[in-house]
1. Kindly indicate whether any position in region B:145-163 is more than 14 Å from every other protein chain (Cβ to nearest Cβ) and either open to solvent by less than 10 Å² (accessible area, probe 1.4 Å) or more than 25 Å from B:Gly338 (Cα to Cα) (or both).
2. Only residues that are near the ligand (Cβ under 7 Å from one of its atoms) and either closer than 13 Å to B:Leu200 by Cα or buried (at least 24 other Cβ atoms within 10 Å of the Cβ) (or both): list them for region B:18-45, please.
3. Among B:Glu100, B:Glu76, B:Glu59, which is the only one that is open to solvent by less than 30 Å² (accessible area, probe 1.4 Å), modelled with pLDDT of 95 or more and not hydroxyl-bearing (Ser, Thr, Tyr)?
4. When only residues in region B:1-12 that are at negative phi and near the ligand (Cβ under 9 Å from one of its atoms) count, which is farthest from the other protein chains (Cβ to nearest Cβ)?
5. From the residues in region B:149-185 that are over 25 Å from the mean Cα position of the chain (by Cα) and among the hydrophobic types (A, V, I, L, M, F, W, C), which one is nearest to A:Glu48 (Cα to Cα)?
6. What tally of residues in region A:92-102 results from selecting those that are open to solvent by 60 Å² or more (accessible area, probe 1.4 Å) and over 21 Å from B:Arg291 (Cβ atoms)?
7. Taking B:Gly15 as the residue in question, decide whether it is modelled with pLDDT of 95 or more, within 10 Å of the ligand (Cβ to nearest atom), farther than 20 Å from B:Arg184 by Cβ and crowded, with 24+ Cβ neighbours inside 10 Å.
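The values are calculated or read from the model by the stated rules, or taken from the named source; none is laboratory data. As the structure is a computational prediction, the values presented were derived from the model and not from experiment. We place every Cβ from the backbone using ideal geometry, glycine too, and count neighbours over all the protein chains shown. With ligands, DNA and RNA removed, areas are computed over all heavy atoms of the protein, side chains included. Shrake-Rupley method; radii C 1.70, N 1.55, O 1.52, S 1.80 Å.
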Amino acid sequence: MNELSNRSRDIGEFIPQPDDDMIVCRCEEVTKGEIRKAVHEGLWTIAEIRRYLRCGMGLCQGQTCAKLVKGIVARELKVSPALLEPATSRSPMRPVEMHVFAKETEDTDL
Amino acid sequence: MMTADVIVIGAGIIGSASAYYLAKKGLKVIVLEKSDIIGNGGSSRNGGGVRQSGRDPREIPIAMYGIKNLWPHLSEELGYDVEYHQDGNLRLGKTPKHLETLKKLADKASAVGLDVRMIDADEVKEINPYLSDEVIGASWCPTDGHANPLKATLAYYMAARKLGVTFITGQDVTEIKKIRGKARAVVTQDDVYEGDSIVLAAGFASRKIAGTIGIDIPMISKLIECLVTEAEPPMFNQMLGTAEADFYGHQTNHGSFVFGGSTGFEMYKKDNGTPVNYSDTVPCICRGIIRYVPQLRDAKIVRSWAGWSDNMSDGVPIIDKVDEVPGLILACGFTGHGFGIAPGVGTVISQLVTDEDPVCDISGLRYDRFYAKDVAAGKAV
Ligand SMILES: Cc1cc2nc3c(=O)[nH]c(=O)nc-3n(C[C@H](O)[C@H](O)[C@H](O)COP(=O)(O)OP(=O)(O)OC[C@H]3O[C@@H](n4cnc5c(N)ncnc54)[C@H](O)[C@@H]3O)c2cc1C
C-alpha cells in the first residue's frame, strides 16, 4: 500500500491555473489543464491518464511529453514522481507499414 | 479491516461496472484490484467489439439487453464519452465454405431473436466499399457496433468512484474465507476486508481465488493480441470480422484502426508474467487485414499489445450465485468477448446481490452447468 492505493484519498479541489491551456502532448494536443482535471476525476497513474486522454499515444509515443506529464500528475497528487511508473513502450518502436510488417515469413503471397 | 455491503474483487470493466450499478442502488462497495493500475487487464487491451452476432445463444440475451437498453445512453449515464457506435457488424466470407459457417452462426442467433442475416457481395460493397473484390458474402447484424474500451472501463471506474465506491489498488486477493457459513472475508497481502456479498470478477485469477473456498471453475488463460495504426482519414464505421477469424476490428473516433487476430497458437503461449506480443502474430493479423481491406496495406502500425483472456471450457462466462457458498457471486470466464456485454453484466450482478430477478435470461450461465460428456449428451437429448 502507498499514497496512491486508496483512490478515495482526499487530494483537494481542482483549482484552475493560468497556464492550463498550455499544450503538453503535441502529437495529440493534450493540455496541462486536461491532465490536471483527469487526476481529480480519479486517474492516478500514467497508464490511466494516457488511456483516457491519449497523451503519449501519438506518433512519438510519448518520447517528448512523458516526463512533463509525470511531473504534472505527481504535483497534483502531492507525491514524488518516483512513485509513478512510466507507461509501457511497445513494438514497433517506430511506425511501420502494414505490408512491411506482414512479411515476417517468405511463405506469403503478399 | 474495512467493511462494506459488497466487496468486489477485480477492477476491470466487469468489476467496475458491477460496483457502479451497486452504488447506484445505494450500497456501500469496496473494489480490490491487484494491479496498481485500474483496468489494466483484458478490459484495456480488447478490440472494442460490442457484438451480439457470433455469440453462443446462451449469452445473446444479455448482449441484446445491453445493446438495446444500456450502450446507446452510456456516455450520458456515466458522464464520460465512451465513443459508442452502432453501425453494424460485417462477418466476411470469400468461399462457399465460409458462407456455410457464417449462415450456421446467423441461424442460431436468429433463432433466439437477433436480427442477423446473410447478404451478397453487392450488398456488402454498398455497406463498405473498401472491401476486397474477393469477398462473396457476409453475415450482417445492423445493431452491432463498437466502443472505446480504454474510455468505457475508466468511465465506469470514475463514475463509480463519484458515487462513493472505494477502489483500492495494489491489493492482491489471496483468499476468501467463510464466517458463520457465509463467504464474508476477503484476504489480501496487507489486510482483511469484510462484506455481506463478494463479487469475484478477477478474470482468469478468479479460478485460483475461488479455489480457496472450494469452488473450481473450468477455465484456462489464452494470450491474444491487437495492433493500432496511425490516424487515417475516416473510411467506415462498421465492426469487421471474418469467417476464418483472420482478423477483426474497426476504425476509432481518433482515426486509427484497432485490429485483433490470431495465429492458432493462442492456447499454447508462454506466461512470462506479463502479456507480451509474439513475433508472428501481428504479421499474421496484417496479412489478414490486407487480404480483406487492401487499401490499408500502407497504413502504419504504431503500437501492438497482448492480453490474457479467461476461456471457459464451453465458451461462455459464469454469471451466478454459488449455492454452496452463500454470499459469493461469480462473474468470470468471459472467453475473449466480455467487453461488449459488460454493462449488462454489471446490471445483472447488482440484481443478484440485491436478490432481484435479473433483467434478462442468464439461465445458461450458471456455475453448475458442467457435466462429463456422456451426462451432457444425455441432457441434450
Ligand atoms: C486482445 C483482446 C481482445 C479482445 N476483444 C474483445 C472484443 O472485441 N469484444 C469483447 O466483447 N471482448 C473482447 N475481449 C475480452 C474482454 O476484454 C474481456 O472479456 C473483458 O475485459 C473482461 O473484463 P474483466 O473485468 O472480467 O477482466 P479484466 O479486465 O482482466 O479484469 C480482471 C481484474 O482482476 C484483477 N485481478 C487479478 N487477480 C487479482 C487478485 N488476486 N486480486 C485482486 N484483483 C485481481 C486484474 O488485475 C484485473 O484488473 C478481448 C480481450 C483481449 C485480451
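1. Yes, because at least one residue in region B:145-163 is more than 14 Å from every other protein chain (Cβ to nearest Cβ) and either open to solvent by less than 10 Å² (accessible area, probe 1.4 Å) or more than 25 Å from B:Gly338 (Cα to Cα) (or both).
2. Selection gives B:Leu32, B:Glu33, B:Lys34, B:Gly39, B:Gly41, B:Gly42, B:Ser43.
3. Details: B:Glu100 fails: open to solvent by less than 30 Å² (accessible area, probe 1.4 Å); B:Glu76 fails: open to solvent by less than 30 Å² (accessible area, probe 1.4 Å).
Going through B:Glu100, B:Glu76, B:Glu59 in turn, the sole match is B:Glu59.
4. Looking at residues that are at negative phi and near the ligand (Cβ under 9 Å from one of its atoms), I get B:Ile9.
5. Filtering first and then ranking leaves B:Ala185.
6. Selection size over region A:92-102: 2.
7. Details: modelled with pLDDT of 95 or more: yes; within 10 Å of the ligand (Cβ to nearest atom): yes; farther than 20 Å from B:Arg184 by Cβ: no; crowded, with 24+ Cβ neighbours inside 10 Å: yes.
For B:Gly15, the condition - modelled with pLDDT of 95 or more, within 10 Å of the ligand (Cβ to nearest atom), farther than 20 Å from B:Arg184 by Cβ and crowded, with 24+ Cβ neighbours inside 10 Å - is not met.
Here's the yes/no breakdown for (1) surrounded by fewer than 24 Cβ atoms within 10 Å (Cβ to Cβ); (2) at pLDDT below 95; (3) not in a strand (DSSP E or B):
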position: B:Asp271; (1), (2), (3): yes, yes, yes
position: B:Val282; (1), (2), (3): no, no, yes
position: B:Gly288; (1), (2), (3): yes, no, yes
position: B:Arg291; (1), (2), (3): yes, no, yes
position: B:Arg297; (1), (2), (3): yes, no, yes
position: B:Phe334; (1), (2), (3): no, no, yes
